Amino acid sequence: QVQLVESGGGLVQPGGSLRLSCTASQFPLDIYSVAWFRQVPGREREGGSCISVSGDKTRYEETAKGRFTISRDNDKKTVYLQMNSLIPEGTAVYSCATEGTCNAWASFSRWGQGTHVTVSS
């Protein structure tokens, strides 16, 4: 059974940082583009960050640009999302996704269950 698994979420103070990780079980994540999104309950996913297969190309939606940095280590078959200068509005479930293209945010079809991030003092 194919499964994407996110980790690294938790409680962080405003201005703090977190590093999220995305790995895959029974799936060659190292040969696919991967994206991170955020989602508040009852709302659509947004704030995409995407990285190409080799990691040499990245793309960010406006709300993620300048705040998040996506990277990957294909030897470890892991994709990361570095989150800096977090604000309370960043509280959400963060999910990784694959089987899509960085040129189209709505194209991703395989998703993880997400990791919770709470930004609060």
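Summarising the label geometry, the points placed 7 Å from Cα in the beta-carbon direction at residue 54 and residue 40 lie 3.9 nm from one another. Pick from 47, 100, 66: which residue has the top mean-square fluctuation in a GNM of the chain where Cα pairs under 10 Å get a spring? With Cα springs under 10 Å in the chain, the top fluctuation among 47, 100, 66 is at 66. Both radii are taken from the alpha-carbon atoms of the range 11-77; with Rh as the Kirkwood radius, Rg/Rh is 0.98. Note: relative contact order over the chain, using C-alpha pairs below 8 Å and six or more positions apart, is 35 percent. Which log10 I(q)/I(0) values does the chain give at q = 0.15, 0.19 Å⁻¹ under the Debye formula, counting every alpha carbon as one identical point scatterer? So the normalised log intensities work out to -0.59, -0.96.
Assuming R0 = 25 Å, what is the FRET efficiency of residue 87 and residue 19, from their Cβ-Cβ distance, to the nearest 0.05? Once the sixth-power term is evaluated, E becomes 0.90. With the biggest extent put first, the Cα atoms of the range 78-121 measure 37, 21, 20 Å across the principal axes.
Here each label is just a point 7 Å from Cα along the line to Cβ, and for residue 5 and residue 109 those points are 2.5 nm apart. Loop-resident GluC sites (Glu not before Pro) (DSSP state other than H, G, I, E or B) in the range 9-89 with no more than 16 further Cβ atoms inside 10 Å of their Cβ: 44, 61, 62.
Of the residues 75, 56, the one with the largest accessible area comes first in the ranking 75, 56, computed with a 1.4 Å probe on protein heavy atoms.
Each residue was assigned an accessible area with a 1.4 Å probe, and for residue 87 the value is about 70 Å².
The values are calculated or read from the model by the stated rules, or taken from the named source; none is laboratory data. Bear in mind the structure is a predicted one, so any value in this text is a computation, not a measurement. All Cβ positions, even for glycine, are placed from backbone atoms using ideal geometry, and neighbour counts span all protein chains on display. All accessible areas refer to the heavy atoms of the entire protein, side chains included, with ligands and DNA or RNA removed. Shrake-Rupley method; radii C 1.70, N 1.55, O 1.52, S 1.80 Å.
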